[in-house]
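Engineer: The structure is given below, and queries will be raised subsequently.
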Amino acid sequence: MSQRATDNHDMAYFGAPSTRTLVTRTLGRGVVSFNRLRAEDPLGPIDSSIVEDAIMIAYQHRDLKAHLFLEGRYVQVPGPSQNRVTMYDYRRHWGCEIKTAYEATNFYIPRSVLNAVSGEAGHSGDLTLQPGQSVDDSVLQGFVMALEGSFQDLQRPNTLFLDHMGWALAAYCARTYLETGKVDTPSGALAPWQERLSKQMIDARLDGDLRLADLAAACGLSVDHFARAFQKSTSLPPHRWLILRRIERAQHLLLTTRLSVSEIALESGFHDQSHFTNTFTRHVGAPPAAWRKVRMA
């Protein structure tokens, strides 16, 4: 007998034939999830979501025709919906009937996380978007695009990147789409010892198997405070600093060893040679082998 679900984080109630889910325990306050759902046939009636203190953000990759019902009452859904965002509060019972093929990236954020990024004693308010209302939001579209690579490589997720994405997503939504959301913005940078320690920890785990919570705990800070302070100190969020250090490590090995490009990729924390080559080229302007050849000539 399967265990009954206690929340909606994996979007199982949609019943989409293709569902990919990424999870992060952002701020240590609850699970934030990123879900890519696809169905080439209409999904039909959907009415089994769990009532809980959380919200869902849905980004539609194609136009959608659906009937929406909020607490048993019909709600009009204006179109078009492609590349637009809708939001739903799981504290209210809602259901729908999806009458077309479906492809969406859905975000799940519990209220505990939204409260955590709303200030020391803050409490996130109600959604400013009405059920069925859609908006064109380039920032949320950017989140969707940034996660594409992670959905393609579910077996080896970059946990530091996902933690950052969960934190940033919650902070943006609290600030932009919640009535009384107020995001705390600490002005201080990391102390020198905190910056040194966090950089050393990242260098020791270039494979990306490191969480924001680990870095924050080592520095004696909340995750929210640490993420902001690290970016103030380095001008980069932690996951971008990780990528920079991977590139720098690879450059050192290219110039000081006879290791092959594929071996250097693994030594520098990249998943494989293709991932390494693409990332290196994007940041440096030349593929690793060509970059090495010019400097070793």
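Engineer: List every residue whose amide H lies under 5 Å from the amide H of Arg91, counting only residues 5 or more places away in sequence or on a different chain, with H placed 1.01 Å from N in the peptide plane.
Structural biologist: Answer set, sorted by chain and number: Glu52, Ala54.
Engineer: About the Cα centre of the chain, how large is the charge dipole given +1 on each Lys and Arg Cβ and -1 on each Asp and Glu Cβ? Please answer in debye to the nearest 20.
Structural biologist: Taking the Cα centre of the chain as origin, the dipole is about 940 debye.
Engineer: How much length would be gained if the chain were fully extended between Gln82 and Val51, taking 0.36 nm per residue of separation minus their Cα-Cα distance, in nm to one decimal?
Structural biologist: Fully extending the segment from Gln82 to Val51 adds 8.5 nm.
Engineer: Next up: Between the stretch 22-54 and the stretch 276-297, what's the alpha-carbon centroid distance in Å?
Structural biologist: Measuring centre to centre over Cα atoms gives 40 Å.
Engineer: Sticking with the crude label model, points 7 Å out along Cα→Cβ, report the distance from Ala218 to Trp193 in nm, one decimal please.
Structural biologist: Here the modelled spin labels are 1.5 nm apart.
Engineer: Report the full-extension gain for the segment Ser18 to Arg156: residue separation times 0.36 nm, less the Cα-Cα distance, to one decimal in nm.
Structural biologist: 47.8 nm
Engineer: Ranked highest first by average number of other Cβ atoms within 10 Å, how do 99-111, 200-212 line up?
Structural biologist: Highest to lowest by the protection proxy: 99-111, 200-212.
Engineer: Right, something else. May I ask which residue of Ile57, Ala204, Tyr13 lies farthest towards the positive end of the charge dipole of the chain, with charges of +1 (Lys, Arg) and -1 (Asp, Glu) on Cβ and the Cα centre as origin?
Structural biologist: Ala204
Engineer: Sticking with this structure for a sec: How far apart, in nanometres, would the label points at Ala146 and His67 be if each is projected 7 angstrom from Cα along the Cα-to-Cβ direction?
Structural biologist: Calculated label separation equals 3.9 nm.
Engineer: Per DSSP H run of at least 4 residues, take -39500 (n - 2.57); add these up for the chain, divide by its residues and hand me the 222 nm value, nearest 500 deg cm²/dmol.
Structural biologist: -12000 deg cm²/dmol
Engineer: Another question, if that's okay. In which sequence would Tyr88, Tyr74 go, from the one with the fewest C-beta neighbours within 10 Å to the one with the most?
Structural biologist: Fewest-to-most ranking of Tyr88, Tyr74: Tyr74, Tyr88.
Values quoted throughout were computed directly from the atomic coordinates according to the rules given, and no laboratory measurement underlies them. Given the structure is predicted, the values throughout are model-derived calculations rather than measurements. Note that we place each Cβ from the backbone using ideal geometry, even for glycine, and neighbour counts take in every protein chain shown.
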